[in-house]
1. Net charge near A:Gln238: determine it from the other residues with C-beta under 12 Å of the C-beta of A:Gln238, scoring Lys and Arg +1 and Asp and Glu -1.
2. Taking 37 °C and 0.692 mPa s as the conditions, I'd like the Stokes-Einstein D for the stretch A:186-289 in µm²/s, using the Kirkwood hydrodynamic radius from alpha carbon pairs.
3. Take every Cα pair under 8 Å in the stretch B:97-147 that's 6+ residues apart, average their separations, divide by the length, and report that relative contact order as a whole percent.
4. Against the longest principal axis of chain B, how steep is helix B:74-90, in degrees 0 to 90 to the nearest 10, with axes from Cα atoms?
5. Can you tell me the orientation of helix B:164-180 relative to chain B, as the angle in degrees between its alpha-carbon axis and the longest Cα principal axis, to the nearest 10?
6. Given a cut-off of 20 Å, name the pairs among A:Lys156/B:Lys122; A:Lys156/B:Lys183; A:Lys234/A:Lys261 whose C-alpha atoms lie farther apart than that in the structure shown.
7. For A:Ser181, what residues show an amide H to amide H distance below 5 Å, using hydrogens built from the backbone and excluding near sequence neighbours?
8. Hey, can you grab everything whose amide H is under 5 Å from the amide H of B:Asn104? Only 5+ residues off in sequence or another chain; H modelled, so Pro and N-termini drop out.
Amino acid sequence: MSRSALRCPGCDSSNIIDDDLYAQVQLVCVDCGAVVSEGSLADEHVEGSGVNFVRAVTSAKKPCPNLIKGLQRVKVICQTLRVHSGIENLSQSHYQQAYQHDSFINVSLQKKDVLAGCSVLVSCRLLNWPITMGTIGCLVDADLEMVGAVYREMVKILNIVAPIINVTDVMEAHVQEYKISSLHVPEDLAENPKDLTKRAVALVELAADTWIVTGRRPIPIMMAAIYLAWQSLKPTKQRLKFSLDKFCQIAKVNKHRPAMKRIAEMKEVLCKLGKEIPWVSEAVTADNIVLHVADVLQHRYTLLKRAQRSHEKAQLDNCEVSCGDSQTEDGGAPSQISDFVKETSNSTSVEQWEPHSEQGNGCDNTCTVSDPHGDSQQSQGPASNWGKRVLFAPPCVVNAKRRRVEQPELKDVTGDEEISDSEIDSYIRTPKEVRDFALNQKMLSVLKSQKS
Amino acid sequence: MDSSNDDALDIIITNVVATFRTRCHLNLRTIALEGTNVIYKPEVGKVLMKLRKPKITASIWSSGKIICTGATSEDDAKVGARRLARCLQKLGFKVRFSAFKVVNVLAVCSMPFSIHLVDFTKNNRPIASYEPELHPAATYRIKHLKATIQVFSTGSLTVTGPNVQNVATAVEQVYPLLFECRKPLREKRKVN
């Protein structure tokens with residue numbers, strides 16, 4: 001190609017062509033062979049538009065593979081629990097939100113797995129699907145504490161207020177775990193899950209009314225209710241002999257140790273109500289209460305009212321008797337009974353913690369009685385006192401642990417202590433003692449001088 | 001302190017935590033060797049010194065920062081801290097007692113009635129939270145007082161706050177809410 005505009009400086013010819021030397025651009029005159037101009041290798045004109053280095057090396061932002069795996073895990077958990085699609089979608093969105101938050105973006109993969117479980121849990125709670133944390137813990141293979149910690153953190157970050165699970169709702173799902181139908185165990189031990197659920201739910205409701213459920217873990221309560229329901233639906237000798245251990249073995253569930261205590265507590269409540277059944281003549285004890293459970297549950301509200309009334313009556317009688325004895329009567333004894341709010345009449349004060357049970361001394365029943373027989377109740381302090389006064393109270397109030405009374409340390413004698421008058425008298429000799437003492441001293445000194 | 005109710009409640013302070021500075025570097029080895037009632041923890045880098053009267057345990061760091069725990073009142077904490085500073089002075093350090101601050105006060109209180117935690121939580125969402133599977137108490141946090149109250153179904157309360165005044169105010173604030181929930185309601189309602 002010839003360049004018409006340029007002219008060769010040597011021969012002034014206009015016949016100049018592009019004659020590249022390898023990669024270097026050169027304009028050469030045809031006639032004399034002079035190089036008119038050459039391009040610098042450094043300024044080589046690049047084909048295409050210029051691209052920023054950073055943009056050249058970064059690829060398009062792909063979603064984090066762990067996030068994708070996590071979302072998949074959420075889906076699997078939802079499918080295992082057989083929840084509906086609304087819960088699945090909600091839990092996936094919760095998971096995504098929580099995952100990208102600072103508190104969860106850098107945690108271990110196990111914790112992210114637990115987070116998947118917790119997002120399912122929170123969605124179930126929000127959409128009224130009963131499920132316990134224990135179930136989630138099993139599914140993600142983590143202990144309850146870790147699940148709890150992650151759950152609390154997540155709820156705080158996402159600002160969710162989830163309703164608390166209702167034990168009776170969870171009961172049905174829980175009963176399914178117990179392999180106690182006629183397919184799994186012999187006929188005389190088998191029980192229809194529906195009947196079992198119904199009876200167990202009634203037991204749990206009764207327990208809730210009598211302070212056994214509040215503040216306790218739900219699963220041991222459910223286990224105790226199911227065990228008692230199973231026994232009472234067909235109270236044969238064989239079933240009554242079955243201990244909780246054996247029951248859990250045949251039902252193929254893991255036994256929870258607190259369930260034994262719950263059984264005892266429930267039996268106690270049932271006994272208290274069983275006493276009020278008018279058509280039961282023999283004494284109702286923990287052994288034979290199972291036979292009457294059906295009756296108790298059927299008429300539980302009536303029995304509760306009756307029990308309350310007879311308790312109040314018994315208290316009144318008690319009070320009158322002891323008040324009459326010591327002739328100190330505080331008016332208003334009946335008012336103590338239905339009113340649970342009777343407090344000590346000290347002034348509102350912020351006290352130091354005194355090691356000795358000063359509370360016991362300050363405790364002041366409306367029926368203040370100077371009982372000479374040393375009422376042990378009063379010395380245990382106001383808490384257990386009101387617990388023993390009412391018919392039903394949380395079990396740890398009724399059986400209050402006695403606070404270990406610290407032995408008062410041998411305080412260093414400072415010399416500033418107040419000395420009472422009687423004490424002072426014991427330190428000072430009476431005139432007679434003074435005379436005796438003087439006499440003795442004289443005799444002793446005479447003896448000494450005689451010896452020496 | 002005037003209360004909204006006639007009956008009285010005893011709030012018992014069980015622990016007061018306070019910090020102060022000695023404004024000088026402390027040689028932990030010297031304290032460990034020459035001090036009385038000390039435990040040296042080289043792996044953590046601190047010395048624990050226990051005082052008998054008032055009953056206080058102090059964690060002493062070499063930077064001169066000291067944390068005192070175990071006191072039963074704010075004054076006790078201050079007295080204990082000063083006594084501790086005096087002990088360190090006697091050991092030979094140029095101690096200047098400064099920046100004393102009560103950091104945390106823990107108190108317990110007992111209501112003479114049971115509390116239905118589910119009702120209490122429902123009435124006070126989202127300030128109250130209750131997870132029966134994790135902890136048997138409902139937690140009630142008062143932001144403006146920076147106090148946390150743990151409410152147990154037996155009626156016991158555990159209150160933590162930055163000072164005694166806040167703790168007392170917190171109890172006064174929460175009392176009417178607890179009073180409402182003291183019995184399970186007779187009508188059919190959620191079980192827990």
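Where a number appears in this text, it was derived from the coordinates with a stated rule and is not lab data. Keep in mind the model is a prediction, meaning the values are calculated, not measured. Here the Cβ is made from the backbone with ideal geometry for all residues, glycine too, and neighbour counts use every protein chain on show.
1. +3
2. Estimated diffusion coefficient is 231 µm²/s.
3. 21 percent
4. 20 degrees
5. Helix B:164-180 sits roughly 20 degrees off the main axis of chain B.
6. Violating the 20 Å limit, Cα to Cα: A:Lys156/B:Lys183; A:Lys234/A:Lys261.
7. Residues meeting the amide H criterion: A:Glu191.
8. B:Val17
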